[in-house]
Amino acid sequence: MRILVLGGGGREHAIVTSLLASAHAPEVICSPGNGGTAETAANVSIPDADPAYVVEWVQNHGADFVVIGPEAPLVVGTADLLSAYGVPVFGPKAAGAEIEGSKTFAKDLMDRHGIPTGRYFVAESEMEARAYLADHGAPVVVKADGLAAGKGVTVAMTVDEAVSAAHECFDGKFGAAGELVLIEEYLEGPECSLLAFTDGETVLPMLTAQDHKRALDNDEGPNTGGMGVYAPVPTVDDETLTKMVSILEQTVAALKAEGVIYRGVLYGGFILTAEGPKVLEYNARFGDPETQVLLPLLETDLVDVMLATVEGRLSEIELRWREGYAVSVVLASEGYPGDYETGKVITGIGKAEAVEGVTVYHAGTKREDNGTVVTSGGRVLNVTAVAPTFADARDRAYRAVDMISFEGMHYRTDIGLRALRALGEA
Ligand code: GLY
C-alpha cells in the first residue's frame, strides 16, 4: 500500500508516524514533509496550491490513497479533483471544507440548524462594522471571513480595538479573506477541542484536547499556531463531553441535509460556557498540535480508520484509546510568531526520544545532506510524552525538552499546568 500525505508540519509527522505503524505496512510519501518525515518516509515536493499537480503526481507515481493535512489544499478542491480521477482521498471536498474556509458559511450553517454558538454579525464594509459596533459595544471578537493562516482573529475589549481590527481586514491585510468581517459575541470559558472522524453519516469522536494558543506562559503574548497541547482534558465532565459529541453529530447531519457528504476529520473548537459548550470555530482537518497528542493515544490502526472513512464504512470501526494522557510542548524559533531566523542546528532529539514514552514530532525542520537537522520554521518541534498519569506525562515531556537545544529556542513552561492543578497533582 502506498499513501501520499500532503503537508509538512508536526501534524503531518504525527500522521506519517501512525500510518507507518499500521499493520498494513504502507509505504508513505510526504509532500513537502519536514526533517522528521525525511527520516522515516520519502519527502517529495508537489505544488499543492493547484490540485492538478497533485493529480498529475498520483498518475505518474501512484498512490492507493491521499491524506490531506492542511486546510488550504482542501479549500481549493484537491479532494474533489482526486476523487474525480478515482483516487481515494482522506479529507472533505471543497463544499465541506468551506466550514473552515468561510467563517460566515459556518456561522450561517449553525444558525440555520440551531447549533449552539455565539451571536454574530457579518459586515460587508467598514461602515457597516462601525455602525454595528457603535450600537452593540465591546468586548467582541472580530474575524476575517476566510483563511488567514490563523492570524485573522482579534479579541477586542474596546470598540476602538474592534474598529481597528475591522479596518485592517477591509484594508486588505488578509487579502480576499478579509472582504467579509464577522463580529462575534465574546464568550467566556475555557476552550477545548474535540475532533471526530466522520464519513458523512457515522461520527467517531476522538479524545478532548486542550491547545495553548498564546506565545508566553500564563496565556500572555500574541496568538500563535499553538504552543502546546494535552489530551484528554481531565476537567471535561461526561455531560459536557456528551453535548460536544452531539454538536459534532448535529453538524455532520446539518451538512448532509444541505447536500454535503463530509468525509475526513471534523474539528470542533469549543468554548465551555456556563450555558454549556458552544462552537467557536470548525476546522476541516486534524488540528495542529492536537494531532501530536491524539494519534499517540490512538490504538486502532490509523490506516483502517482512514480507509473506512473514505469508503463510508466508519460504522464498522471502533476507536480504541490507550489509558493515560499525552502532553506535548512546542519548541519554537526566537521571534515566533513574528519574524525569526532559520538554519539553526538542533541537538539532543535522540536523547529526548530515549525518555520513556516520548516521541519528538518535527514541524519546521530540515535534514541536511550530512544528516544534521536544522530549523526551518517558527514552530520547530513537538515534544510529546505519553504516561499513565497526567503528572508523569507532563514531567516526561519537560524532561525531554531539557535535552534538546538550538539557538534562540523558546517554549512555554506551563503547558498542562492548569489541568495539573485542577487534578490536585501540582
Ligand atoms: N490547534 C488549532 C488548529 O489546528 O487550527
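The values are calculated or read from the model by the stated rules, or taken from the named source; none is laboratory data. Just so we're clear, the structure is a prediction, and the values are computed from it rather than from any experiment. Every residue, glycine among them, receives a Cβ derived from its backbone with ideal geometry; neighbour counts consider all protein chains shown. Protein only, heavy atoms only, side chains kept; ligands, DNA and RNA dropped before computing areas. Shrake-Rupley method; radii C 1.70, N 1.55, O 1.52, S 1.80 Å.
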Quick one: GLU334 ticks every box in (1) in a loop (DSSP other than H, G, I, E, B); (2) touching a residue at least 60 places away in the same chain (Cβ under 8 Å); (3) closer than 15 Å to LEU195 by Cβ bar one, so which box is it? (3)
Conditions (1) at positive phi; (2) surrounded by 22 or more Cβ atoms within 10 Å (Cβ to Cβ): number failed by GLY348: (2)
Checking SER315 against (1) of a type in the set (Gly, Ala, Ser); (2) in a loop (DSSP other than H, G, I, E, B); (3) open to solvent by 10 Å² or more (accessible area, probe 1.4 Å), which test does it fail? (2)
So is LEU109 open to solvent by less than 40 Å² (accessible area, probe 1.4 Å) and over 26 Å from LEU74 (Cβ atoms) or not? no
Quick check: anything in the range 257-279 open to solvent by less than 10 Å² (accessible area, probe 1.4 Å) and at pLDDT below 95? no
Answer yes or no: is there a residue in the range 315-326 that is under 26 Å from VAL386 (Cβ atoms), touching a residue at least 12 places away in the same chain (Cβ under 8 Å) and touching a Gly at 6+ places or on another chain (Cβ under 7 Å). no
Whether any residue in the range 265-276 is acidic (Asp, Glu) and either more than 16 Å from the ligand (Cβ to nearest atom) or touching a Cys at 6+ places or on another chain (Cβ under 7 Å) (or both) is what I want to check. yes
All but one of (1) over 26 Å from PRO337 (Cβ atoms); (2) within 14 Å of the ligand (Cβ to nearest atom) hold for ALA284; state the number of the condition that does not hold. (1)
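Which count do you get for residues in the range 373-426 that are in a loop (DSSP other than H, G, I, E, B) and open to solvent by 40 Å² or more (accessible area, probe 1.4 Å)? Please lay out each step first, then the result.
So the first thing to find is which residues in the range 373-426 are in a loop (DSSP other than H, G, I, E, B), and the list is 376-378, 388-389, 402-404, 406-409, 411-416, 423-426.
Going one step further and asking which of them are open to solvent by 40 Å² or more (accessible area, probe 1.4 Å), we end up with 376, 388-389, 402-403, 407, 409, 411, 413, 423-426.
The number of residues fulfilling the criteria is 13.
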Check SER18, SER22, SER31 and return the single one that is assigned to a loop (DSSP other than H, G, I, E, B), away from the ligand (no atom under 16 Å from the Cβ) and either under 16 Å from HIS362 (Cα atoms) or at pLDDT 95 or above (or both). SER22
Can you confirm whether the range 141-156 contains a residue that is surrounded by 15 or more Cβ atoms within 10 Å (Cβ to Cβ) and farther than 15 Å from GLU281 by Cα? yes
Looking across the range 188-206 at residues that are within 16 Å of the ligand (Cβ to nearest atom) and under 22 Å from GLY228 (Cβ atoms), the single one that is farthest from the chain's Cα centre (by Cα) is PRO190
In the range 157-193, residue least open to solvent (accessible area, probe 1.4 Å) [restricted to those that are at pLDDT 90 or above and in a loop (DSSP other than H, G, I, E, B)]: LEU187
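Out of the range 207-222, which residues are within 16 Å of the ligand (Cβ to nearest atom) and part of a strand (DSSP E or B)?
LEU207, THR208, ALA209, GLN210, ASP211, ARG214, ALA215, PRO222
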From the options THR384, THR365, THR389, THR375, residue that is of a type in the set (Ser, Thr, Tyr) and within 22 Å of ASP217 (Cα to Cα): THR384
Condition first: open to solvent by less than 10 Å² (accessible area, probe 1.4 Å) and among the small types (Gly, Ala, Ser). Now tell me which residues in the range 194-233 satisfy that. ALA196, GLY200, ALA209, ALA215, GLY226, GLY228, ALA231
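Just wondering, is there one or more residues in the range 237-245 that are within 13 Å of the ligand (Cβ to nearest atom), over 19 Å from SER328 (Cα atoms), open to solvent by less than 20 Å² (accessible area, probe 1.4 Å) and touching a strand residue (DSSP E or B) at 6+ places or on another chain (Cβ under 7 Å)?
The answer is no, given that none of the residues of the range 237-245 is within 13 Å of the ligand (Cβ to nearest atom), over 19 Å from SER328 (Cα atoms), open to solvent by less than 20 Å² (accessible area, probe 1.4 Å) and touching a strand residue (DSSP E or B) at 6+ places or on another chain (Cβ under 7 Å).
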Residues THR309, THR300, THR251: which one is open to solvent by 10 Å² or more (accessible area, probe 1.4 Å), more than 16 Å from the ligand (Cβ to nearest atom) and either at negative phi or in contact (Cβ under 8 Å) with a residue 40 or more places away in the chain (or both)? THR300
Count of residues meeting criterion [of a type outside the set (Val, Ile, Thr) and under 30 Å from MET244 (Cβ atoms)] in the range 101-135: 20
